[in-house]
Amino acid sequence: MKRLLLVMGVLLTSFLTSCIPHKDIVYLQNKNTATDSLQVMIEQQKPYRVQINDILNIRIKVLDQDNVSIFNPIGEGNLNASASERAYFDGFTVDSHGKIRIPELGQLSVLGNTTAEIEELIKERLLAEQFKETANIFITVKLSGLRYTAMGEVGSPGSQILFQERVNIFQAVANVGEIPVTGDRKDVMIIRQYPQGQQIHHLDLTDVNVMNSPYYYIQPNDMIYVKPLQQKTWGTGITGRETLGTLITVLGLVSTTILLLSR
């Protein structure tokens, strides 16, 4: 009997510790203060600087639009394509040397520049080679969607494109179907591309101070990886109800086995 109680105690302890704590699945907790309210000042996001393989959407406007029709592709051959496909065919891809090729202007080095800086570069080239100040040139340069990839414990792993200027980590995660209970919200990895190579950054989504992180807003070509919690591999149940059911089943088997052996 003592042996049975000991085994049951060990099993009960192990199964109770296998449950996923409530605090591990709640976002934006105030972990540093005792008060319920906390004002978090989100730092101004630094302007994104163009990288290799980015696709730029460039539009040029002047008083006489016929003079710039060659600069503005309209994708007539892809009218049935999706928005992302049209952006790919009509956009200007930054090549491995950090350059784009624009009709009449030729190659333009854009690597490491912001979209505002690229607008000025194109305007300077057009004024020097194509137009005069009286043409009233107006140029817009935008990224052709914010592309990122989500992997691991998310609802729908894969690559996504959002047509927004800024996307934070919560918006990016929500867009791929949320993180299930088995996902590790305390250590979400952001794999980001830099000119010198890739770097991994870590975010704790259960801490409200994540909004102060310089990696709170994702960037084009980011990869988001959510690790599974150990409870997923243990197979003991995710919720308390599941764990209790598994515990009752195992205890029944153990007690039956001990009674049979003790006869």
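Here are a few things to note about the model shown:
- Cβ crowding within 10 Å ranks Arg101, Arg192 as Arg101, Arg192, fewest other Cβ atoms first.
- Members of Lys61/Lys132; Lys46/Lys186; Lys23/Lys186; Lys61/Lys142; Lys61/Lys99; Lys46/Lys227 lying beyond 19 Å, as alpha-carbon distances in this model show: Lys46/Lys186; Lys61/Lys99; Lys46/Lys227
- Charge dipole (region 55-143, unit charges on Cβ, about Cα centre) - positive-most of Ile60, Gly91, Phe131: Gly91
- Computed Kirkwood radius, in angstrom, where 1/r is averaged over Cα pairs of region 55-143: 13.7
- Nearest-0.05 FRET efficiency for Lys61 and Ser109, computed from C-beta distance (R0 41 Å): 0.95
- Region 144-222: C-alpha gyration tensor shape, a/c 1.5 cut-off, then a/b vs b/c: rounded
- Ranked by how many other Cβ atoms sit within 10 Å of their own Cβ, fewest first, the residues Val26, Val167 fall in the order Val26, Val167.
Here, each number is a calculation from the coordinates, and none is a lab measurement. Since this is a predicted model, take the numbers as computed values, not measurements. For neighbour counting, all protein chains shown are included, and Cβ atoms are generated from backbone atoms with ideal geometry for every residue, glycine included.
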